[in-house]
Amino acid sequence: MNKAKSHKSYPALRLYTAVLDHLDEGVTIATEDGVILYANSADEATFGCMRSELIGKQVASFMAQTPKEAKLLLGKIKKKHSTGETWSGEIRCLRGDGTTFLSRAKISSIQIDGAGYWVCVKEDVTGKKRLIRRQAITRAVDNFLVSSPASEEIFPAILKIMCTRLKWAFGAVWTIDSRIGQLRCQSTWSAAPQTTRDYEAATRTAALTPGIGLPGQAWQAHGPHWNQDIATGGKYPRSEAAAKSRLHGSLAFPIMLENRVLCVIEIVSSEVEEPDQQLLATCAQISTRVGEYLQRKQFEEALRRSEARYGEIVEEAQEGIWVLNDAGVTTYANPAMFRILGYDYSEMIGRPIEDFLFEEDRHDVAVKFERRKKGIAEKFERRLRHKSGSEVFCIISSRPVMGSSGKMISIIALVSDITESKIKERLIADQQTKMIAVSKMSALGEMAGGIAHEVNTPLGIICMKTAQLKMRVQEKRIDRPKIIEVIESIESTSFRIARIIKGLRAFAREGATDPFQQVSLKTIVEDTLVFCSERFKDHNIKLELPDISEALLIECSPTQVSQVLLNLLNNACDAVIDLGNKWIRIDVRDAGETVELAVADSGPGIPPEMREKIMQPFFTSKAVGKGTGLGLGISKGIIESHSGTLFLDASCPNTRFVIVLPKRQNDLLRMAA
């Protein structure tokens, strides 16, 4: 034991110490000279050493202040006691292992048996103080981020918050110089610039690689690091400057964006600081919050730029953009939409869609709106009414915008003006109609002789039968059965002529506007053969026909399909007319959803070099004056308008053209027809 005696040597104190041993607060009794006479069991736990290690020691030896600071504090306490007052305040104390803690103490002076003693009741408030500071830091950071600062303001502000709330002396923001792969100081903060100038100078000139110095360690580990005294141990790059500036405890933590270090925050205390794991966790949370804020700022900036670009795109788009609310009233239209309809902003906004439709086109608006309310998007052709009253033909892609409740809140329509192309289509259709008419007349011209024979033959029969009937009447040979027989022959022959005339009239019609109808393919083939069968007979061309079922139906324009078939038959006739072996064959195949109708002939086929050109307009393999080259091109267009195909069967050794037609047309084609 030291020179000073313990409390047991002072009988007057024994009564007090028996009670003090059971208190939760640490209690120390010392002489007026500062020699410890007693420490209770709570003090043992607080200082981390045995009571015997405390008794006999000077109070100042357990104070973390410098000897000068400790002497000054003890002087203040003595002054208080001289006036009979109790001193209250915070004292940073030393534990037995050299670590420090903050104590809130009350020191009173008592007199026992004429002797003066100091009684110090203390509480370790290190944890409470740290909790308060952590909470203050978190609140300050959150409040700062709520103010929506600019990105370049964030790191210096976070640095200042950390230093001021912890009451640490110095701090620095380190950013990565990607060119050399080193950390460089970007900015600093100091509570006492004159005191920390040596460390600040060393910091501003330092260049740290990953793992070097506390900032380098935080950078490398992507997490916070602590050093309780950077002024000791020469391994720390700026330890000498830290000692000169009286800086000790330090921590550093990175600010992360996703998995990338943006900067490292370093803060330094003028005291030796024990590692505080909870403060390190708070730093990690701050890193996450700042990173999330920066990420949100990036998203917001990207969104702002995107919205600006979107606005420019929408405003400068060549296609019209038209927005309607759930009642069908115009809420937005871009400049292209105004140009399409000829209105300006004030004339179009706030008006219902019906104002831009012709009256006869308004019948399906309610139906389309119901479909949008169900979330159904559509693309369709629509005729709109221009401000001038003229027609504007458009392709409209319309889709609903649904709210979180699943209810439609608006409709966005992309509108393309196809009026010009519609006019061109009409011109092309008119020209095609004229070419079809020319092609028909050409075909009729080629068949004229055969048709005349087809008509003359039954006319001759009628004339002959009429003469027979007249002769019988004149000779008064009234044989009733014979007369009925003659009349029936005349009647059937007349029906034959009527059928030929009906076929000619149907063939001469344009047919392009005829509605599609269910027709027997056998009827189409038979009606077409009326025009060419005599020509085949005149040139000794054998015609091979399949047995076609009456039940085989196709949905089509029969006049147009008949024209295509007649064109193929005439081409076949021209191809074999000068051959020794002359035949033409019609093939029919039911392929389920489709029907194949083919015309083959005994010709040698189309040369390979001509196969790709054979369907082109004005290309013909016939001799000059024998064909315009329009027939196959027009035929191909007619079949394609029926959702079918017309092609040359290259696998056939002879010439064989195949028509493939669907048995049923889709709704769009049926409506168009």
### Query
Among all residue pairs at least 6 apart or on different chains, which show Cβ distances below 6 Å where the first residue, located in segment 461-472, is free of Cβ contacts under 8 Å to residues at least 60 places away in the same chain and the second is assigned to a helix (DSSP H, G or I)?
ILE461/THR493; ILE462/ILE490; ILE462/THR493; LYS465/VAL486; LYS465/SER489; LYS465/ILE490; GLN468/VAL486; LEU469/VAL486
### Query
When residues of segment 515-542 are filtered for being open to solvent by 50 Å² or more (accessible area, probe 1.4 Å) and among the β-branched types (Val, Ile, Thr), how many remain?
1
### Query
Looking at (1) surrounded by fewer than 18 Cβ atoms within 10 Å (Cβ to Cβ); (2) under 41 Å from the mean Cα position of the chain (by Cα); (3) of a type outside the set (A, V, I, L, M, F, W, C), which is the one condition that is false for THR195?
(2)
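Within segment 396-418, count every residue that is surrounded by 12 or more Cβ atoms within 10 Å (Cβ to Cβ) and hydroxyl-bearing (Ser, Thr, Tyr). I'd like the intermediate steps shown before the answer.
Step one: of segment 396-418, the residues surrounded by 12 or more Cβ atoms within 10 Å (Cβ to Cβ) are 396-402, 408-418.
If we keep only those that are hydroxyl-bearing (Ser, Thr, Tyr) too, we end up with 397-398, 410, 416.
The total comes to 4.
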#### Entry: Subset of segment 80-129 (residues that are on the phi < 0 side of the Ramachandran plot, charged (D, E, K, R) and open to solvent by 20 Å² or more (accessible area, probe 1.4 Å))
LYS80, GLU85, GLU90, ARG92, ARG95, ASP97, ARG104, LYS106, GLU123, ASP124, LYS128, LYS129
## Note on the structure
Just one listed residue, out of ARG165, ARG139, is open to solvent by 40 Å² or more (accessible area, probe 1.4 Å), in a helix (DSSP H, G or I), of a type in the set (Lys, Arg) and within 19 Å of TRP226 (Cβ to Cβ), and it is ARG165
### Task
May I ask you to verify whether GLY171 is in contact (Cβ under 8 Å) with a residue 12 or more places away in the chain and either within 44 Å of the chain's Cα centre (by Cα) or under 26 Å from LEU294 (Cα atoms) (or both)?
yes
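Residues checked against (1) open to solvent by 50 Å² or more (accessible area, probe 1.4 Å); (2) touching a residue at least 40 places away in the same chain (Cβ under 8 Å); (3) at positive phi:
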| residue | (1), (2), (3) |
| --- | --- |
| MET348 | no, no, no |
| PHE356 | no, no, no |
| PHE369 | no, yes, no |
| GLU378 | no, no, no |
| CYS394 | no, yes, no |
| GLU420 | yes, no, no |
| LEU427 | yes, no, no |
### Residues that are more than 15 Å from GLY171 (Cα to Cα) and either open to solvent by 20 Å² or more (accessible area, probe 1.4 Å) or touching a Leu at 6+ places or on another chain (Cβ under 6 Å) (or both), drawn from segment 251-272
MET256, LEU257, GLU258, ASN259, ARG260, LEU262, VAL272
### Message
I'm checking my understanding of the structure. Among residues of segment 480-490 that are at pLDDT 75 or above and closer than 30 Å to PHE531 by Cβ, which one is most open to solvent (accessible area, probe 1.4 Å)?
### Response
GLU488
#### Entry: Filtered residues of segment 529-556 (kept if part of a strand (DSSP E or B) and under 58 Å from the mean Cα position of the chain (by Cα))
LEU553, ILE554, GLU555, CYS556
## Note on the structure
Being small (Gly, Ala, Ser) and closer than 17 Å to LEU257 by Cβ narrows SER147, SER178 down to just SER178
### Query
Quick one: which helices (runs of 4 or more DSSP H) sit completely within segment 557-673 and have at least 3 residues that are at pLDDT 90 or above and in contact with a strand residue (DSSP E or B) (Cβ under 9 Å, 6 or more places away or on another chain)?
558-576
#### Entry: Residue ID - nearest to GLU69 (Cα to Cα), chosen from residues in segment 251-275 that are part of a loop (DSSP other than H, G, I, E, B) and at pLDDT below 90
GLU271
### Query
Do any residues in segment 38-57 that are closer than 15 Å to THR99 by Cβ have Cβ atoms under 9 Å from those of residues that are open to solvent by less than 50 Å² (accessible area, probe 1.4 Å) and β-branched (Val, Ile, Thr), where the two are at least six apart or on different chains, and which pairs are they?
GLY48/THR99
### Filter result for ALA242 (within 24 Å of PRO193 (Cβ to Cβ) and either buried (at least 24 other Cβ atoms within 10 Å of the Cβ) or within 37 Å of the chain's Cα centre (by Cα) (or both))
yes
### Criterion violated by TRP226 - all others in (1) open to solvent by less than 30 Å² (accessible area, probe 1.4 Å); (2) more than 15 Å from ILE286 (Cα to Cα); (3) not in a helix (DSSP H, G or I) satisfied
(1)
### Task
Can you give me the number of residues within segment 543-575 that are aliphatic (A, V, I, L, M), in contact with a Gly (Cβ under 9 Å, 6 or more places away or on another chain), buried (at least 23 other Cβ atoms within 10 Å of the Cβ) and farther than 14 Å from ILE634 by Cα?
1
### Query
Here is a list of conditions, (1) part of a helix (DSSP H, G or I); (2) out of contact with any Lys or Arg (no Cβ under 8 Å at 6 or more places or on another chain), and HIS248 meets all of them except one; can you say which number that is?
(1)
### Cβ-Cβ under 9 Å pairs, at least 6 apart or on other chains, segment 508-531 side under 17 Å from SER549 (Cα atoms), far side modelled with pLDDT under 85
ASP527/ARG499; ASP527/LYS502; ASP527/GLY503; ASP527/ALA506; ASP527/PHE507; THR528/GLY503; THR528/PHE507; THR528/GLN563
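Results for (1) assigned to a strand (DSSP E or B); (2) at pLDDT below 95; (3) open to solvent by 40 Å² or more (accessible area, probe 1.4 Å); (4) not acidic (Asp, Glu), shown as yes or no for each residue.
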position	(1), (2), (3), (4)
SER148	no, yes, yes, yes
PHE155	no, yes, no, yes
VAL173	yes, no, no, yes
ARG179	no, yes, yes, yes
TRP189	yes, no, yes, yes
PRO210	no, yes, yes, yes
LEU214	no, yes, no, yes
### Message
Residue pairs, Cβ under 7 Å, 6 or more apart or interchain, first in segment 582-595 and without any contact (Cβ under 8 Å) to a residue 24 or more places away in the chain and open to solvent by 40 Å² or more (accessible area, probe 1.4 Å), second of a type outside the set (S, T, N, Q) and in a strand (DSSP E or B). List them.
### Response
ARG589/GLU596
#### Entry: Those residues of segment 456-479 which are open to solvent by 70 Å² or more (accessible area, probe 1.4 Å), charged (D, E, K, R), at pLDDT below 75 and in a helix (DSSP H, G or I), in sequence order
none
### Query
Mind checking whether some residue in segment 331-341 is under 17 Å from ARG382 (Cα atoms) and under 23 Å from the mean Cα position of the chain (by Cα)?
no
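The values are calculated or read from the model by the stated rules, or taken from the named source; none is laboratory data. In this text the structure is predicted, and so the values were computed from the model without any measurement. Don't worry about glycine lacking a Cβ; one is built from the backbone with ideal geometry, like all the others, and counts go over all protein chains shown. Remember, those area values only see protein heavy atoms, side chains included, never the ligands or the DNA or RNA. Shrake-Rupley method; radii C 1.70, N 1.55, O 1.52, S 1.80 Å.
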